[in-house]
Amino acid sequence: MRYFDEEEGASLNAEPWQLDLLKLNPGYCSWGPHEDYMWKEGEGWNSRLLFPTWSDFGPFNLDDLNECANFYFEVSRESKDCETCAGNGYHADAQQVVRTFYRHSCLPGETPWNDSITEDEAAALVEAGRGKLGELVTADDFNRAELSGSGLFGHDAINRFILIDARLNRLGLPKTCPTCSGDGYVYTAPNAHVSLILWWLHPRKGCSRGIEVATIARDELPAVGAFLAEAAARNAQRFAGVATLATPLPKD
């Protein structure tokens, strides 16, 4: 959880101070050492770093080799995949419909249906704005496009979700796994914890990496705050001189 949400915070059993930290986050937090181009493992300057605690991170300093360009806090709660639904969130009675959408996930003898959707399923795609700018309207339209493999069309994860939902509705099958309430996971810890994610630069080598400090304790917040304030001041200082460029030149 990277953005403040009281309802989601309650499900995580998060404390108020943990949720308040999310209000400090920048507007865009969809990056980090587990996604995009920051997931790389290894010993290089562009490889992610994972630290269990703030004290483990402590030896890192801001200096001419290390700069912090961005940050965000994340509130999460330890969990594992739901064993009942194998992590997909669907009811046991819905699993065959889910499994047989694509050929690669079918069991021997099963037939995929991603290229043989029905009119009610096509209507669900059109209603959701997935008809490729009005070019695809009927079931035949969608099925021909899927079979041809031409252009950029293909049922992606969004289409798959819509189509499975529509088919389960028509068949009158239950959708949601009763064990995990459709989340696909169950919590293994009683409470939430706070992580700190940093975007770390090595200016001389032109490299950057994602850093995660997995657990931040409440009594460590002053030290964390001082560190982030120093990083902000260093970034501001480097650009301080350009303010003069924004001043209108005197007239001759």
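The values are calculated or read from the model by the stated rules, or taken from the named source; none is laboratory data. Source: prediction; values computed, not measured. Please note: Cβ atoms are built from the backbone with ideal geometry, for glycine as well, and neighbour counts cover all protein chains shown.
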Revision key, fill the gap. Note on Asp183: of the conditions (1) touching a strand residue (DSSP E or B) at 6+ places or on another chain (Cβ under 7 Å); (2) surrounded by fewer than 19 Cβ atoms within 10 Å (Cβ to Cβ); (3) under 30 Å from Gly129 (Cβ atoms), unmet is (1)
Check your understanding: Checking Leu196 against (1) outside the structural domain of Asn70 (by TED's automatic domain parsing); (2) assigned to a strand (DSSP E or B), which test does it fail?
Key -> (1)
Check your understanding: Only one residue in Phe227, Phe142 is more than 23 Å from Glu8 (Cβ to Cβ) and not assigned by TED's automatic domain parsing to the domain that holds Tyr28, so which one is that?
Key -> Phe142
Check your understanding: Of all strands (runs of 3 or more DSSP E) completely enclosed by segment 45-125, which ones contain at least 2 residues that are of a type in the set (S, T, N, Q) and under 30 Å from Leu228 (Cα atoms)?
Key -> 67-76
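Would it be correct to say that Leu12 is out of contact with any Leu (no Cβ under 6 Å at 6 or more places or on another chain), surrounded by 10 or more Cβ atoms within 10 Å (Cβ to Cβ) and farther than 30 Å from Cys207 by Cβ? Lay out the reasoning, then the answer.
On the way: out of contact with any Leu (no Cβ under 6 Å at 6 or more places or on another chain): yes; surrounded by 10 or more Cβ atoms within 10 Å (Cβ to Cβ): yes; farther than 30 Å from Cys207 by Cβ: yes.
When the stated conditions are applied, Leu12 passes them.
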Review point. With respect to the numbered conditions (1) under 26 Å from the mean Cα position of the chain (by Cα); (2) within 17 Å of Ser55 (Cα to Cα), which one is the sole condition not fulfilled by Ala226?
Key: (1)
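Would it be correct to say that Asn13 is in contact (Cβ under 8 Å) with a residue 12 or more places away in the chain, closer than 30 Å to Gly184 by Cα and assigned to a loop (DSSP other than H, G, I, E, B)? Quick ask: steps written out before the conclusion?
Details: in contact (Cβ under 8 Å) with a residue 12 or more places away in the chain: yes; closer than 30 Å to Gly184 by Cα: yes; assigned to a loop (DSSP other than H, G, I, E, B): yes.
Against the criterion (in contact (Cβ under 8 Å) with a residue 12 or more places away in the chain, closer than 30 Å to Gly184 by Cα and assigned to a loop (DSSP other than H, G, I, E, B)), Asn13 qualifies.
Report the residue count in segment 84-127 for those that are small (Gly, Ala, Ser), within 18 Å of His155 (Cα to Cα) and loosely packed, with under 15 Cβ neighbours inside 10 Å. Steps first, answer last, please.
We begin by selecting, within segment 84-127, every residue small (Gly, Ala, Ser); these are 86-87, 89, 92, 94, 105, 109, 116, 122-124.
Among the residues that remain, those that are also within 18 Å of His155 (Cα to Cα) are: 105, 116, 122-124.
Add one more test, that the residue is loosely packed, with under 15 Cβ neighbours inside 10 Å, and what stays is 105, 116.
The number of residues fulfilling the criteria is 2.
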Practice item. Could you tell me which residue of segment 228-252 is surrounded by the most Cβ atoms within 10 Å (Cβ to Cβ), considering only residues that are touching a residue at least 60 places away in the same chain (Cβ under 8 Å) and not charged (D, E, K, R)? Key: Ala231
Check your understanding: Considering segment 126-158 alone, what residues qualify as being assigned to a helix (DSSP H, G or I), in contact (Cβ under 8 Å) with a residue 12 or more places away in the chain and closer than 23 Å to Asn88 by Cα?
Key -> Ile158
Study note, to complete from the structure: Among (1) over 30 Å from Glu15 (Cα atoms); (2) touching a His at 6+ places or on another chain (Cβ under 7 Å), Thr176 falls short only on (1)
Practice item. Go through (1) touching a residue at least 40 places away in the same chain (Cβ under 8 Å); (2) surrounded by 12 or more Cβ atoms within 10 Å (Cβ to Cβ); (3) out of contact with any helix residue (DSSP H, G or I) (no Cβ under 6 Å at 6 or more places or on another chain) and name the single condition Lys175 misses. Key: (3)
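Given the condition assigned to a strand (DSSP E or B), charged (D, E, K, R), at pLDDT 95 or above and surrounded by 13 or more Cβ atoms within 10 Å (Cβ to Cβ), answer yes or no: does some residue in segment 210-223 qualify?
Restricting attention to segment 210-223, the residues satisfying the condition of being assigned to a strand (DSSP E or B) are 210-215.
Subsequent filtering for residues that are charged (D, E, K, R) retains 212.
So of that shortlist, the ones also at pLDDT 95 or above come out as 212.
Filter once more, so that each one left must be surrounded by 13 or more Cβ atoms within 10 Å (Cβ to Cβ): 212.
Looking through segment 210-223, at least one residue is assigned to a strand (DSSP E or B), charged (D, E, K, R), at pLDDT 95 or above and surrounded by 13 or more Cβ atoms within 10 Å (Cβ to Cβ).
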Check your understanding: Consider Gly27 against the criteria (1) exposed (fewer than 12 other Cβ atoms within 10 Å of the Cβ); (2) over 19 Å from Phe71 (Cβ atoms); (3) not basic (Lys, Arg): it satisfies all of them except one. Which criterion is unmet?
Key -> (2)
Check your understanding: Give me the pairs: first residue in segment 19-30 and more than 14 Å from Ser195 (Cα to Cα), second residue assigned to a helix (DSSP H, G or I), beta-carbon distance under 9 Å, and six or more apart or on different chains, which are they?
Key -> Ser30/Asp36
